[in-house]
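Each reported figure results from applying straightforward, stated rules to the coordinates on display, with no laboratory input. Quick caveat: nothing in here was measured; it's all calculated off a predicted structure. Here the Cβ positions follow ideal geometry from the backbone for every residue, glycine too, while neighbour counts run over all protein chains shown.
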Amino acid sequence: MRYIKVLLLLFLTMVLSSCSILSPKATPVNNEGSLWQVYDQYFKTAKYVDLSHVISPEIPVWEGFGPPVFGPAMNAQTGNPYSYKENGFESTRYMLSSDQLGTHIDAPAHWAPEYPATDEIPVTYAIRQLVVISIADKVHRNPNYHLRVEDILEWEKLNGVIPAGSVVFIRSDWSKSWPSPALARQTLLPGVRLEALKFLHLERKILMHGHEPMDTDSTLSLEGESWLMHNGYAQAEALANLDQVPEKGALVIIGFPKFQGGTGAYARFIAICPSDWKHGASINQLNESPLPKMDKILIWDFQKGMRIRK
């Protein structure tokens with residue numbers, strides 16, 4: 001009888017082992033042919049570069065909107081702010097003067113109500129090939145220089161034809177002065193000529209373009225932005241760190257909140273660069289989970305009107 005029990009036990013062990021129940025490591029996950037394989041091969045070792053500015057009450061904003069105002073979130077019953085000491089947590093109230101401040105995406109509905117708002121922009125905007133065209137040297141000589149068609153063709157001579165459906169960001173290094181309040185009052189700024197926008201969209205069929213200043217061009221009528229919005233094209237504004245991204249070969253991740261009927265949205269643009277790129281951080285270089293304990297704690301700074309670490 002004992003012999004039969006032993007045989008039954010051995011048989012059960014073999015069955016459980018074959019089903020990978022006894023040890024989850026017995027059968028490794030097969031990533032072949034899946035996006036997990038792409039992640040392991042490319043994204044896991046890639047370099048990530050943040051192309052968005054931090055939003056704070058100190059950022060430059062068009063005077064027609066006024067600055068954002070931060071404040072502690074209030075308990076609706078007591079009228080008192082939530083605090084770590086009394087409630088075990090804190091939260092923040094944001095009074096944002098516009099959905100076009102800081103690094104953001106303009107939906108066509110910003111100027112043309114018959115075109116999509118931010119919540120109606122397709123999810124397929126999420127990840128695209130990234131082209132970076134630099135006019136920084138020309139802007140250094142002429143602060144009001146605007147991208148021309150010949151600049152695009154010059155880029156293509158060196159790098160090949162701009163891929164259809166890609167995102168084209170224009171580097172001017174204008175953002176290096178951020179967050180100086182004077183930026184919001186500038187009338188001369190680097191931009192993109194209307195004919196260059198038409199060439200990118202109508203000839204190269206790009207998804208969207210983006211630039212570092214808060215406007216597309218310095219014309220009185222903002223003719224470039226007007227053409228984009230009235231023809232169903234979105235755009236990115238107030239970009240940062242384009243000097244840390246390769247001219248070709250990178251991807252861009254695009255993320256923004258879905259405010260219903262929004263004419264714009266605060267956006268996070270992240271460049272994904274090759275693993276041997278000299279800028280950015282890779283996944284294995286950062287403490288991600290759990291996130292690291294900071295040397296300084298967050299406290300409310302009444303003078304700055306926001307939380308800072310001290």
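Under a point spin-label approximation (7 Å from Cα along Cα-to-Cβ), what is the residue 34-residue 299 distance to one decimal in nm?
Each label point lies 7 Å from its Cα, and together they span 4.9 nm.
Per residue of the stretch 104-116, what does 6.51 cos²θ - 1.76 cosθ + 1.60 with θ = phi - 60° give for ³J(HN,Hα)? Whole Hz please, x for Gly and Pro, Karplus curve as stated.
Karplus-based 3J(HN,Hα) across the stretch 104-116 equals 8, 10, 8, 7, x, 5, 4, 10, 10, x, 7, 10, x Hz.
Quick one: grab the alpha carbon gyration tensor of the chain, order the square roots of its eigenvalues as a ≥ b ≥ c, and give me rounded if a/c is under 1.5, else prolate or oblate depending on whether a/b is larger than b/c.
oblate
So what are the ³J(HN,Hα) numbers for the stretch 217-226, from phi and the Karplus equation (6.51, -1.76, 1.60; θ = phi - 60°), rounded to whole Hz, Gly and Pro as x?
In residue order, the calculated couplings are 8, 9, 6, 4, 8, 6, 4, x, 5, 4 Hz.
Provide Rg over Rh for the stretch 118-247; use the alpha carbon set for both Rg and the Kirkwood Rh (inverse mean inverse pair distance). Let's see the in-between values first.
Working: Rg = 14.0 Å, Rh = 15.0 Å.
Value, to two decimals: 0.94.
Hey, what do the phi angles of the stretch 278-283 turn into as Karplus ³J(HN,Hα) couplings, whole Hz, using 6.51/-1.76/1.60 and θ = phi - 60°, x for Gly and Pro?
Ordered by residue, 3J(HN,Hα) equals 7, 10, x, 10, 9, 4 Hz.
Using only Cα atoms, tell me the angle between helix 2-18 and the longest principal axis of the chain; keep it within 0 to 90° and round to the nearest 10.
The angle comes out at about 10 degrees.
Quick one: 51, 189, fewest Cβ neighbours within 10 Å first, how do they rank?
189, 51
Compute the length gained on full extension between residue 140 and residue 84: take 0.36 nm times their separation in residues and subtract their Cα-Cα distance, giving the result in nm to one decimal.
My answer for the length gained is 15.3 nm.
Under a 10 Å cutoff between Cα atoms, tell me which one of 288, 154, 58 has the largest fluctuation in the Gaussian network model of the chain.
Highest fluctuation of the listed residues: 288.
Nearest 10 degrees is fine. How inclined is helix 149-159 to the longest principal axis of the chain, computing both from alpha carbons?
30 degrees
Would you mind ranking 145, 94 by Cβ crowding within 10 Å, fewest neighbours first? Intermediate values should be presented prior to the final figure.
Details: 145 20, 94 13.
Starting with the residue having the fewest Cβ neighbours, the order is 94, 145.
Taking H as built 1.01 Å from N, whose amide H comes closer than 5 Å to the amide H of residue 166, not counting residues under 5 places away?
207
Please check which bits of the stretch 226-244 a label hung off residue 176 would reach, taking the label as a point 7 Å along Cα-to-C-beta and the cut-off as backbone N under 18 Å.
What the label zone holds, given the 18 Å backbone N cut-off, is 238-244.
Test of understanding: ordering 103, 78 by Cβ neighbours within 10 Å, fewest first, what list do you get? Before the final figure, lay out the partial values.
Numbers: 103 26, 78 9.
With the sparsest Cβ surroundings first, the list reads 78, 103.
Say each of residue 291 and residue 307 gets a label point 7 Å from the Cα, pointing the same way as Cα to Cβ; how far apart are those two points in nm?
A separation of 0.9 nm, rounded to one decimal place.
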